[in-house]
Amino acid sequence: MKTDEIRKLSAEELEKKIVETKKELFELRLKQATGALEKPSKIRQLRKDVARMKTILKEIEMKVGGE
């Protein structure tokens, strides 16, 4: 997910998206443990997406708190 797409989401949507992405990441880790994972790079991509979403969510919270 691109940064521009993430910034367009509201804080509630971001939180929901983080939960969904973490769930998908968990499922991919299970597949990796059983050897059924086709694209190992997907795990790294999702981890970075979660970090990106958390960073932008924190920026939103700080902006709202500072006003």
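Quick notes
- Taking the criterion of being open to solvent by less than 80 Å² (accessible area, probe 1.4 Å), in a helix (DSSP H, G or I) and not polar (S, T, N, Q), the residues of region 20-51 that qualify are Glu24, Leu25, Leu28, Lys42, Ile43, Leu46, Asp49, Val50, Ala51.
- The condition of being in a helix (DSSP H, G or I), without any contact (Cβ under 8 Å) to a residue 60 or more places away in the chain and farther than 17 Å from Glu12 by Cα does not hold for Glu59.
The values are calculated or read from the model by the stated rules, or taken from the named source; none is laboratory data. Note that this is a predicted model, so its numbers are computed, not measured. Glycine also receives a Cβ, built like all others from the backbone with ideal geometry; neighbour counts cover every protein chain displayed. Accessible surface is based on the protein model in full, side chains and every heavy atom, while ligands, DNA and RNA are left aside. Shrake-Rupley method; radii C 1.70, N 1.55, O 1.52, S 1.80 Å.
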